[in-house]
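Enquirer: Pasting a structure here, questions to come.
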Amino acid sequence: MKSETISSIPKSKLTLPIAGRDHVQGPIDAPITLLEYGDYECPYCGAAYPEIKAVQEELGDRLCFAFRNFPLVNSHPHAQHAAEAAEAACVQGRYWEMHDLLFEHQKALEDEDLAQYASALGLDARRVIAEVLAGEHVARVREDFHSGARGGVNGTPTLFINGVRYSGLLDANTLLAALTQRSPV
Amino acid sequence: MKITTPQNHQGAALAAGTPAPEFSLHSTPDQTVRLSELRGQQLVLVFYPADWSPVCGDQIALYNEMLSEFQDLGAQLLGISVDGVWCHAAFSQNRKLRFPLLADFEPKGAVARLYGVYRDGDGTSERALFVIDADGVIRWSYISPVGVNPGAEGILSALEELQGKPEAK
């Protein structure tokens, strides 16, 4: 199968949040951007989750955080559906709430669990699961993955600070230092 | 991360334009892969130091996840290390790998030497990547620091260039 261009993400934006496309927290024109390529079943992503939250709290509106899916499906059999469920929650306006619940319950990501989280958020859980089972969000997740592969992601989580790959420790203090250091003043 | 300094073979890898040296290696106890038999398709040779070591695991696992990206660009992936066939079999099964691992085991590292990516002091190969075109000519090669997972971006760019459709900037 020859590919058409899978990705609609231009090369210059593989490592930067895109207004209107990406899931972002914080102003899109914030002086600092943090883009994560992650996997809901990856324990390292799970460990990074509260650290990133702490950093977000500290930096407030100075930070724009974005998340793209990079599910490693051979290692993590539930990661793909979890990613799609988050996208399905987005359709009903609750992306970040679902994102948080998934990272807070990494060991319970069966389809029934996903439905339960959707219900807990007051979403139409049946619709979320129907969309997942129908593969409605496969293309979006695939586009995220492809852009990561092209952008230099070499595992999860991979973080980009203002478009530059970050390879330091993932604790809040180290991360915060890197973020503020690279912030244009 | 351990940094090994004595051997630095950076630059010694066979370069673009060189015909890829022929080899025949076991992929399983009773199957061999001969390079010339794969003529007609693009290949990605992934030399890595060892099965089971954590960084390799990440790199090999990553490529396993990205197989469709490589296949979309018409390329087949082959992993090569100095580990033996039984070690490869266990590693492959454990990581659910969907591409072959070749055993550069006897004489040890012979193919890595042919490609200029053997590390004498360590007794393993470099972490090296080669993209070979359908005519059996090396079109791109790269040696990554042993402790660094190089990701797939370089391979994907090389394959796209080979297709004559570099991605729009």
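The values are calculated or read from the model by the stated rules, or taken from the named source; none is laboratory data. A quick note: this is a predicted structure, and the numbers were derived from the prediction, not measured. Here the Cβ is made from the backbone with ideal geometry for all residues, glycine too, and neighbour counts use every protein chain on show. These accessible areas exclude ligands, DNA and RNA; they are computed on the full protein's heavy atoms, side chains included. Shrake-Rupley method; radii C 1.70, N 1.55, O 1.52, S 1.80 Å.
Enquirer: For A:D100 and A:V138, calculate 0.36 nm times their separation in residues minus their Cα-Cα distance, and state this gained length in nm to one decimal.
Expert: 11.6 nm
Enquirer: A follow-up question, please. Rounded to the nearest 500 deg cm²/dmol, what is the calculated helix-only ellipticity per residue at 222 nm for chain A, with -39500 (n - 2.57) per DSSP H run of length n ≥ 4?
Expert: Roughly -14000 deg cm²/dmol at 222 nm, from the helical runs in chain A.
Enquirer: Rounded to the nearest 5, what is the percent of antiparallel bridges among the DSSP beta bridges in the protein assembly as shown?
Expert: The antiparallel proportion sits near 65 percent.
Enquirer: With a 1.4 Å probe and every protein chain left in place, tell me how much accessible area B:L73 has, in Å² to the nearest 10.
Expert: About 10 Å², rounded to the nearest 10.
Enquirer: Using alpha-carbon pairs under 8 Å, 6+ residues apart, how would you state the relative contact order of chain A in percent?
Expert: 32 percent.
Enquirer: Something else: Given points 7 Å out from each Cα along the Cα-Cβ axis, report the B:W86 to A:R62 separation in nanometres with one decimal.
Expert: Between B:W86 and A:R62, the simple spin-label model gives 5.9 nm.
Enquirer: Follow-up. Report Rg/Rh for the stretch A:1-75, rounded to two decimals, where Rg is the Cα radius of gyration and Rh the Kirkwood radius.
Expert: Using Cα coordinates only, the ratio equals 1.03.
Enquirer: Where does the stretch A:68-185 land on Rg/Rh, using Cα atoms and the Kirkwood Rh?
Expert: 1.02
Enquirer: Compactness ratio of the protein assembly as shown: Cα Rg over 2.2 N^0.38 Å, N = residue count?
Expert: The value comes to 1.05.
Enquirer: Let me ask something else about it. Count charges around B:A103 for me, please; just the other residues with Cβ under 11 Å from its Cβ, Lys/Arg as +1, Asp/Glu as -1.
Expert: Overall, the nearby charge balance is -3.
Enquirer: Would you count, across the protein assembly as shown, every pair of lysines whose alpha carbons are under 15 angstrom apart, provided the pair is eight or more residues apart or spans two chains?
Expert: For the protein assembly as shown, qualifying lysine pairs total 4.
Enquirer: With +1 on each Lys and Arg Cβ and -1 on each Asp and Glu Cβ, how big is the dipole of chain A about its Cα centre, in debye rounded to the nearest 20?
Expert: I would put it at about 780 debye.
Enquirer: Rounded to whole Å and sorted largest first, list the principal axis extents of the Cα atoms in the stretch A:93-134.
Expert: Over the stretch A:93-134, Cα extents along the principal axes are 24, 21, 14 Å.
Enquirer: Of the GluC sites (Glu not before Pro) in the stretch A:1-79, which ones lie in a loop per DSSP and count no more than 10 other C-beta atoms within 10 Å?
Expert: Counting only loop positions with at most 10 other Cβ atoms within 10 Å, the GluC sites (Glu not before Pro) in the stretch A:1-79 are A:E4.
Enquirer: Given the protein chains as shown and a 1.4 Å probe, how many square angstrom of B:S53 are accessible, to the nearest 10?
Expert: B:S53 has an accessible surface of roughly 40 Å² with all protein chains in place.
Enquirer: Working from the alpha-carbon coordinates of the stretch B:74-169, get Rg over Rh, Rh being the Kirkwood radius.
Expert: Rg/Rh for the stretch B:74-169 comes to 0.99.
Enquirer: I'd like the per residue volume of the convex hull spanned by the Cα atoms of the stretch A:1-154, given in cubic angstrom.
Expert: Dividing the Cα hull volume of the stretch A:1-154 by its residues yields 120 Å³.
Enquirer: Report Rg (one decimal) and Dmax (nearest whole number) for the stretch B:55-109, counting Cα atoms only, units Å.
Expert: Over the stretch B:55-109's Cα set, Rg and Dmax evaluate to 11.6, 35 Å.
Enquirer: If I ignore ligands, DNA and RNA and count only protein heavy atoms, how much of A:H105 is accessible to a 1.4 Å probe, in Å² to the nearest 10?
Expert: For A:H105, the solvent-accessible surface is approximately 70 Å².
Enquirer: For chain B, what does the relative contact order come out to in percent, with C-alpha contacts under 8 Å and a separation of six or more?
Expert: 32 percent
Enquirer: Can you bin the stretch B:88-140 into rounded, prolate or oblate? Criterion: square roots of the alpha carbon gyration tensor eigenvalues sorted a ≥ b ≥ c, rounded for a/c under 1.5, prolate for a/b above b/c, oblate for the rest.
Expert: Oblate is the answer for the stretch B:88-140, as a/c is 1.5 or above yet b/c matches or exceeds a/b.
Enquirer: How high is the FRET efficiency between B:L114 and A:S12 when r is their beta carbon distance and R₀ equals 45 Å, given to the nearest 0.05?
Expert: That pair, B:L114 with A:S12, gives E of 0.70.
Enquirer: Then there's this: If you take the alpha carbon radius of gyration of the stretch B:1-160 and divide it by 2.2 N^0.38 Å, what ratio comes out, to two decimals?
Expert: 0.94
Enquirer: Still on this model: For a paramagnetic label modelled at 7 Å from the Cα of B:A15 toward its Cβ, which residues of the stretch B:108-144 fall within the zone defined by backbone nitrogen distances under 11 Å?
Expert: No residue passes the distance filter.
Enquirer: Residue by residue, what Karplus-based ³J(HN,Hα) values in Hz, rounded to whole numbers, does the stretch A:175-180 have, using 6.51, -1.76 and 1.60 with θ = phi - 60° and x for Gly and Pro?
Expert: 5, 4, 4, 5, 5, 6
Enquirer: Where in the stretch A:24-54 is the amide nitrogen less than 12 Å from a point lying 7 Å along the Cα-to-Cβ axis of A:A108?
Expert: Backbone N within reach: none found.
Enquirer: Find the centroid of the Cα atoms in the stretch A:1-79 and in the stretch A:86-163, then give the distance between the two in whole Å.
Expert: 11 Å
Enquirer: Of A:G122, A:L101, A:H146, which is farthest towards the positive pole of the stretch A:87-179's charge dipole, taken about the Cα centre with +1 and -1 on the beta-carbons of Lys, Arg and Asp, Glu respectively?
Expert: So the residue we want is A:H146.
Enquirer: Just tell me the longest site-free run in chain A, where the sites are trypsin sites (Lys or Arg not before Pro) in a DSSP loop having at most 11 other beta-carbon atoms within 10 Å.
Expert: Of all site-free stretches, the longest is A:3-106.
Enquirer: Still on this model: For chain A, give me the percentage of DSSP beta bridges that are antiparallel, rounded to the nearest 5 percent.
Expert: That works out to approximately 60 percent antiparallel.
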